[in-house]
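Worksheet: the structure to be examined is printed underneath.
The values are calculated or read from the model by the stated rules, or taken from the named source; none is laboratory data. Computed from a predicted model, the values in this text were never measured in an experiment. Cβ coordinates were reconstructed from backbone atoms using ideal geometry, including for glycine residues, and neighbour counts include every protein chain displayed.
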Amino acid sequence: MEIVTKIAPIALALIMLGLGLGLKVEDFTRVLKNPKDFLVGLICQLIILPIVAYLLIIILKTPIELALGVMLIAAAPGGVTSNVLTKFADGDVALSISLTAFTSLISIVSVPYIVFLSIDLFDITYVEKEVSMLGISLKMFFVVTVPVIIGMIIRKFFSDFIENNMKIIERISVGLFSIVFIAIYIQEWDSIIMFLTTAGTIALILNISMMIIGFYVAKFFASGVAQQRCISLECGLQNGTLAVFVGTQLFGQNMTYMVPTAAYALIMMMTSVLFVFFLRNRT
């Protein structure tokens, strides 16, 4: 699994650089003008999603070696593909961008907190490395926050060039995401097959549950249909590459925990595309 541990930080940094290239300061200040929709999405992602993941682990009696993998993907911020799919679903793209940007930046605090809380709750003892919450946060700062800031600075000075090439940047990000998970599938195929039923089941239930929960929470509390679609997709699409990176810092070469993340990465793309297809044919 050495290849994954080496490429995950590089791939994540480049994906976050691509995210930064697509951001403007307005993407952060916009939420101050209409905070309600943003707060609904934020609560769904940062609070409801990890709680639902934890409850599913208990209900389905998920093996401990897979439990942290489930919590890792639940703690991860929204994935960059959520912005693209929100656009195809005629959702609120501006809200999607703001949610992805904000949850990505605060992930240097939220992800380590949820992960270390999960380690305590499940009494996990197979963390191989001497790591701390602060240590993980600092590493995430350099791999997540710094590339986003650099990307925003580059956009500031080369805005026309960046805007004309955003589709290429988005494709590169999706390509990097795919490379990481193809490497996992190739190198951890035996573990994936061994835990396929268990990991696939909880990943599928978590993904569909959160898209439904996000959809109906937004229906009751958000501004309209476009925001409802956006929040639903944000709840279902997570940054799997970030989850892989954090996992490699905790477990090194022990990649059993990665099986739920790999399963979720595949499932979330299929369910999200089907969801978008359903919405487009419904309207």
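Considering only segment 50-61, state which residues are surrounded by 24 or more Cβ atoms within 10 Å (Cβ to Cβ) and within 21 Å of Ile231 (Cα to Cα).
Residue satisfying the conditions is Ala53 alone.
Within segment 184-224, how many residues turn out to be modelled with pLDDT of 70 or more and either part of a helix (DSSP H, G or I) or touching a helix residue (DSSP H, G or I) at 6+ places or on another chain (Cβ under 6 Å) (or both)?
Step one: list which residues in segment 184-224 are modelled with pLDDT of 70 or more, which gives 197-224.
Subset that is either part of a helix (DSSP H, G or I) or touching a helix residue (DSSP H, G or I) at 6+ places or on another chain (Cβ under 6 Å) (or both): 197-223.
Qualifying residue count, segment 184-224: 27.
Would you call Leu99 out of contact with any Phe, Trp or Tyr (no Cβ under 6 Å at 6 or more places or on another chain), surrounded by 15 or more Cβ atoms within 10 Å (Cβ to Cβ), more than 21 Å from Ala262 (Cα to Cα) and at pLDDT 85 or above? Step through it out loud before you land on a result.
Details: out of contact with any Phe, Trp or Tyr (no Cβ under 6 Å at 6 or more places or on another chain): yes; surrounded by 15 or more Cβ atoms within 10 Å (Cβ to Cβ): yes; more than 21 Å from Ala262 (Cα to Cα): yes; at pLDDT 85 or above: yes.
Against the criterion (out of contact with any Phe, Trp or Tyr (no Cβ under 6 Å at 6 or more places or on another chain), surrounded by 15 or more Cβ atoms within 10 Å (Cβ to Cβ), more than 21 Å from Ala262 (Cα to Cα) and at pLDDT 85 or above), Leu99 qualifies.
Would you please list the contacts, defined by Cβ atoms under 8 Å and residues six or more apart or on different chains, that run from a residue in segment 109-121 that is closer than 14 Å to Leu242 by Cα to a residue that is of a type in the set (Ser, Thr, Tyr) and modelled with pLDDT of 85 or more?
Qualifying pairs under 8 Å: Ser110/Thr103.
Would you check if Thr86 is in contact with a strand residue (DSSP E or B) (Cβ under 9 Å, 6 or more places away or on another chain) and in a helix (DSSP H, G or I)?
Working: in contact with a strand residue (DSSP E or B) (Cβ under 9 Å, 6 or more places away or on another chain): no; in a helix (DSSP H, G or I): yes.
The answer is no for Thr86.
Within segment 12-21, is there a residue that is within 16 Å of Glu234 (Cβ to Cβ) and modelled with pLDDT under 80?
yes
Considering only segment 67-92, how many residues are touching a residue at least 24 places away in the same chain (Cβ under 8 Å) and surrounded by fewer than 18 Cβ atoms within 10 Å (Cβ to Cβ)? Walk me through how you get there before you give the answer.
From segment 67-92, those touching a residue at least 24 places away in the same chain (Cβ under 8 Å) are 67-86, 88-92; that's our starting set.
With surrounded by fewer than 18 Cβ atoms within 10 Å (Cβ to Cβ) added as a condition, the list becomes 88, 90.
Of the residues in segment 67-92, 2 are touching a residue at least 24 places away in the same chain (Cβ under 8 Å) and surrounded by fewer than 18 Cβ atoms within 10 Å (Cβ to Cβ).
Being surrounded by fewer than 18 Cβ atoms within 10 Å (Cβ to Cβ) and under 23 Å from Lys36 (Cα atoms) is true for just one of Ile106, Ile153, Ile64. Which residue is that?
On the way: Ile153 fails: under 23 Å from Lys36 (Cα atoms); Ile64 fails: under 23 Å from Lys36 (Cα atoms).
Matching residue, one of Ile106, Ile153, Ile64: Ile106.
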